[in-house]
1. Over the stretch 246-344, what is the mean sequence separation of C-alpha contacts under 8 Å (at least six apart), divided by residue count, expressed as relative contact order in percent?
2. Calculate one ³J(HN,Hα) per residue across the stretch 430-445 by plugging θ = phi - 60° into the Karplus curve 6.51 cos²θ - 1.76 cosθ + 1.60, and present them in order as whole Hz with x for glycine and proline.
3. Report the far tail of the P(r) of the stretch 102-197, meaning the percent of Cα-Cα pairs longer than 22 Å.
4. Would you list the P(r) distribution for the stretch 174-282, with all Cα-Cα distances sorted into 5 Å bins from 0 and each bin expressed as a whole %?
5. Using the number of other C-beta atoms within 10 angstrom as an exposure proxy, rank Leu332, Leu442, Leu108 with the fewest first.
6. Between the stretch 229-308 and the stretch 147-214, how far is it from one alpha carbon centroid to the other, in angstrom?
7. In nanometres, what is the gap between the two model label sites at Ala315 and Asn29, each 7 Å from Cα along Cα-to-Cβ?
8. Considering amide H positions built from the backbone, and no H for Pro or chain starts, which residues 5 or more places from Val245, or on another chain, come under 5 Å of its amide H?
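Any read-out appearing in this document is the output of simple, stated calculations on the displayed coordinates, not a laboratory observation. Quick caveat: nothing in here was measured; it's all calculated off a predicted structure. FYI the Cβ positions are ideal-geometry reconstructions off the backbone, even for glycines, and counts take in every protein chain you see.
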Amino acid sequence: MNTKAARWLACALCASLLQTPIARAAKPNFEVRAYVNDVCIVADEPYFRPAPVNPDGTPAKFLPLIGLVIGKLAELLVNHEIESSADRLKSGAARKDTNYAVSKKMNLYRADFDPVPTLVLNANLGCMTIVAAAFKPGTANCQADYQPKTLAPETATLPKSEWKTTRTDDSVENQLRRANVCIDGKARAVYEARFEFSKDGTAYRLRDAGYRIESLLTTEDKAASRSTVYTLKISNPAATEQQEVLSTAWVNIGTVTAGSHGNGSNDDSAPWLRVPPLSVEARRIFEDKTKVHQEVAGQIEALKRSLTRNERILAGLDQRIATASPDLLDGLKQERTRIAVQNQSQSAELDARNAEYQDLPRTALEFMPVTIDVGVTETESEKKSKVLIADLIKSNSDLVGSAVGNAISRSFTAPGNAPQPTAADPTGELGTARNRYFDALLAAKGQSSGQPGDDAQRSLAAAKEKYNDVRRLNGLDPVP
């Protein structure tokens, strides 16, 4: 073959290689999905007692020894499963070093009717689990294949840190089956983060609860290392591409490689972030949908407060009657009889109102739609991850305590459970004005002691005016 022909053949081969799949960027063979539950799927997997044997020789049902068994996965921040969908993100928001899982629109708050109409977070937020893997079809059910973490009897008397299990499958894939997260093959990576809330329920943060990284998400190089940060962004859905970001939380697990495992961190430097407050529009809808419930509940609470006051008055009158002089005794007895009769009347009224409240519909109500983006970012250097976190801090108006720490962040301590925000905080101005209005309404109906009719009506008018002023300031319609 002459030199010219050889050169032509080489060029042809190079051109053909550019058209083959080998020369194109490989499409990721995994998805990133996120799950939320009251406990972590992997980190909080409980030990189980050894299964006893039934009389017929079959194994009895496993019983949890410690911890909680996974129930229904929470559908608040991320649905039962959310698809890897960078194409759903706005084009300007996607990072090349980030794998995304994006939720659909969902409501951040829901109505709870027991004991009174209250707004609460739409799920028990305890732990977020992010899984990167190839998943079995959505209809798959693998819970029955889960091997429980059965406690080895010979270790039962040892400290918990020395307990062993008798099961033969300790893989993370088996642990995920407990929550019916069905992996096809091996999971590439699993990350978990706990939600930690302040006592007053107004602030939260994410803390590392552990990770299992079998291979990195941005490279197949087993020797490569990446600085890894995962984020959760809560946004207000908008008709335009510029959504309002309500809150962004993150966890920085540092530099990892393929095969890295972590059992969680006690690092207390994670920043505190404000829980996205209920929007004015959502509160208005809540008030409208629960108007009748709130009116009846307001009457119930006012009756309870009146009965408590009456009991204190009766106890005081009994003490005075025991030592009263003859000229005061008859008057005190008459007053005691009047209060006792009023108490009986209010008790009957309370029973009737309680029955009325129980008969009201309890249809599930949800408020304040939001969208949630979950992302796992792997940067080639720790400096780049620090820049990413700095950008998050700079852009977060919901930040109440930085990693450096300040008096505000140090004042927060986490309770055992997620916060339960109320529709009208009884210690706040709206709650106080509401209670005074219903107390005055009860007095005006002639069911409270110590106020003539005209005084009761004037008190009611003043309480109603104050209540409506506060309602207007909160964007609510006044009571008629």
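1. Numbers: 22 pairs, mean separation 22.9, N = 99.
Result for the stretch 246-344 is 23 percent.
2. Calculated HN-Hα couplings, in order: 5, x, 5, 5, 5, 4, 5, 5, 5, 5, 5, 5, 5, 5, 5, 7 Hz.
3. Numbers: 2456 of 4560 pairs.
When every Cα pair of the stretch 102-197 is considered, 54 percent fall beyond 22 Å.
4. Spelled out per bin, shortest first, that is 2, 10, 17, 16, 16, 15, 12, 8, 3, 1, 0.
5. Working: Leu332 15, Leu442 22, Leu108 26.
Listed from fewest to most nearby Cβ atoms, that is Leu332, Leu442, Leu108.
6. The stretch 229-308 and the stretch 147-214 have Cα centres separated by 25 Å.
7. Rounded to a tenth, the inter-label distance reads 7.4 nm.
8. Long-range HN contacts for Val245: Asn236.
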